[in-house]
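Heads up: the structure comes next, in structure tokens.
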């Protein structure tokens, strides 16, 4: 009998309503150690599902106390946005809020290439994904993921992380404060971050394949090379497509900004990568910081 090939799946797109399924914490009925004395149970499709086995000090913060309230914070600040929700196995949850206001966008000098602020919120019921609200940027081309200019985000303190209930719930108030700060300081923040992106765009590359290989090696990204697929060639095709895209304005010239984004697209291509969004984000930050420094 032939064995069925197991298909690996990463984060699946969903809705805010579907993320907010009923969830509760109950006592474990079996004799057990303290660290397994509680169960986190969700009702998925009308059926109970065990989501986590935890200790008696585990603090449950339901999705319905987070994601709808974050939308409300954005609405209260009259900020236009598009949002995408994703989940992994009903226990790890992600929301990407792309702020679509032109006054907050960054444009690469001499092109029509625009980058918009994005807020990523992550949460989990099993502890594998730590609760966090992260500010970054999102490029409205192809399948780019969240881009985080790490040093700038630290400088302006536009990142919120927490573990305990009090911190998580207070983060909504902190998000409101940071949004007001971001809007008030938008020109200063945009200028500094645009300078980083502009530095990459100014570095025109002739040996594109060599640069891709160099960056992949520096970021410890495994490059596949077999009869079915070649990572470097795949990234090169993505880069060349954008360099020759009429509406972007690069006129066939390839620079470090396009190379960075080609790698970013590869990392965020769900058909090639099933890693959790936070792991992709971590790798992407390594790529960006390496390219800026080298």
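FYI, it's all coordinate maths here, none of it is from the lab. Predicted, not measured: the structure shown is a model, and the values here were computed from it. Here the Cβ is made from the backbone with ideal geometry for all residues, glycine too, and neighbour counts use every protein chain on show.
As a size descriptor, the averaged projected area of the C-alpha convex hull of the chain was calculated at 19.2 nm². Exposure proxy for 26, 73: other Cβ atoms within 10 Å of each Cβ, ordered fewest to most, give 26, 73. For the range 72-182, the Kirkwood estimate of hydrodynamic radius, built from reciprocal distances between every pair of different alpha carbons, is 14.9 Å.
Here the sum of -39500 (n - 2.57) over DSSP H runs of 4 or more residues, divided by the residues of the chain, equals -11500 deg cm²/dmol at 222 nm, to the nearest 500. Counting every pair of alpha carbons in the range 12-54, the share spaced more than 15 Å apart comes to 48 percent. The ranking of 44, 259, 160 by Cβ neighbour count inside 10 Å, starting from the fewest, reads 44, 160, 259. The calculated pair-distance distribution of the range 122-245 uses every alpha carbon pair, bins of 10 angstrom beginning at 0, and gives 10, 29, 30, 22, 9, 0 percent.
Length gained on full extension, residue 174 to residue 225, computed as 0.36 nm times the residue gap minus the Cα-Cα distance: 13.8 nm.
Model label sites at residue 270 and residue 24, defined 7 Å from Cα along the beta-carbon direction, differ in position by 3.2 nm. If you wrap the Cα atoms of the range 197-293 in a convex hull and average its projected area over all directions, you get 6.4 nm². In plain terms, the residue of 60, 50 with the fewest other Cβ atoms within 10 Å comes first and the most crowded comes last, giving 50, 60.
The peptide list 274-281, 176-183, 52-59, put in order of mean Cβ contacts within 10 Å with the highest first, becomes 274-281, 176-183, 52-59.
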